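The values are calculated or read from the model by the stated rules, or taken from the named source; none is laboratory data. The model shown is predicted, which means the values in this text are computed figures rather than measured ones. Methodologically, a virtual Cβ is constructed for each residue, glycine included, from the backbone with ideal geometry; neighbour enumeration extends over all protein chains shown. These accessible areas exclude ligands, DNA and RNA; they are computed on the full protein's heavy atoms, side chains included. Shrake-Rupley method; radii C 1.70, N 1.55, O 1.52, S 1.80 Å.
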Amino acid sequence: MHYLVTGATGGFGGYALEFLKKMVPQNEIYALVRSEEKGEALKEAGFNIRIGDYDDLDSMKEALKGIDRLLFVSGVPGNRQAEHENVVKAAQAAGVSYIAYTSFADADHSISVLAPDHQFTEKTIKDSGIPHTFLRNNWYVENELPIIGQALTTGQFVYAAGNGKTGWALKREYAEAAAKVLVENDSLEILELSGHLTDYEELAKALERATGKELEIIEASDAAFVENLKEAGFPQEAADMFLAIQHDIKKGQLAVSSDDLEKVLEKPLVSLEAALKEILDQE
């Protein structure tokens, strides 16, 4: 059996590779990278390397030759629909027998700014006829580092999502679930992978416990939220995207309650306080 992980040099893909090698022989694992140079460290770590770019259909067809099971890590927003379509077309051409795709919470009903690309990709995979599982990842704790970092710098934890709830869990927890599903799952088409639903006030309190620092917790206006991120060095465009996510959360777009993540992992998730300590220790 040959397994391939896309986005292998990214955080999620890197975690998934490490979990995979504990589950299957490492010589059966392939990592997709954009160039030989980018894949050097993975090659030295004992992984097989395939060169390919989502934007280049021919390179993806070549990269997926002989691959049985594909962990398809979604790309970055931008030209994502065309790029994802290339991956699926290449998987069809290569005879890939199964795709696990990192999608978005409650993708088929979501009105989030992030949902359309995932809705398109899920439909494309369905239409391909390739057996699949949609890993509908909720939200990584790491996604909040801009807010967290600024809070620890200024003493003010600033958010604009009201009492909207989010299913935060660590990126490595989602990646471990993805690796397990890639190796073990053939039957479940959709997994709503989520941590325990929590709001930003609780996140801020967990941050206080994790760091021992007292924070002023501020539910801010949109303008104040954006200004806070700009003061942290984020450009206007990035701050506006963070604000759009805050709006999504305020509207309940990530308030998707599910225990699928713990079921797949067969263990409890790390507490929010412990998760924060872990990611801050890595900074």
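Total residues in segment 23-32 satisfying the condition of being open to solvent by less than 30 Å² (accessible area, probe 1.4 Å) and either at pLDDT below 95 or in a helix (DSSP H, G or I) (or both): the figure is 0. Exactly one residue among SER35, SER103, SER128 is of a type outside the set (Lys, Arg) and modelled with pLDDT under 95, and that residue is SER35. Among the numbered conditions (1) in contact (Cβ under 8 Å) with a residue 60 or more places away in the chain; (2) farther than 14 Å from VAL264 by Cβ, the only one that TYR174 does not meet is (2). If you filter segment 81-115 down to residues that are part of a strand (DSSP E or B) and aliphatic (A, V, I, L, M), you find that the one that is surrounded by the fewest Cβ atoms within 10 Å (Cβ to Cβ) is ILE99.
Does ALA220 satisfy being farther than 18 Å from ALA105 by Cα and either surrounded by fewer than 21 Cβ atoms within 10 Å (Cβ to Cβ) or touching a helix residue (DSSP H, G or I) at 6+ places or on another chain (Cβ under 8 Å) (or both)? Yes; evaluated as a whole, the condition is true for this residue.
When restricted to residues that are surrounded by fewer than 19 Cβ atoms within 10 Å (Cβ to Cβ) and assigned to a helix (DSSP H, G or I), segment 261-273 contains 4. Filter segment 61-80 for residues that are under 20 Å from the mean Cα position of the chain (by Cα) and at pLDDT 95 or above; which is surrounded by the most Cβ atoms within 10 Å (Cβ to Cβ)? Among residues in segment 61-80 that are under 20 Å from the mean Cα position of the chain (by Cα) and at pLDDT 95 or above, the one surrounded by the most Cβ atoms within 10 Å (Cβ to Cβ) is LEU71.
Matching residues to (1) more than 30 Å from ASP248 (Cβ to Cβ); (2) in contact with a strand residue (DSSP E or B) (Cβ under 9 Å, 6 or more places away or on another chain):
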residue: VAL24; (1), (2): yes, yes
residue: TYR30; (1), (2): yes, yes
residue: VAL33; (1), (2): yes, yes
residue: GLY39; (1), (2): yes, yes
residue: GLU44; (1), (2): yes, no
residue: ASP58; (1), (2): yes, no
residue: GLU83; (1), (2): no, no
residue: VAL96; (1), (2): yes, yes
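Picking from residues in segment 119-169 that are closer than 17 Å to LEU188 by Cβ and charged (D, E, K, R), the one that is most open to solvent (accessible area, probe 1.4 Å) is LYS126.
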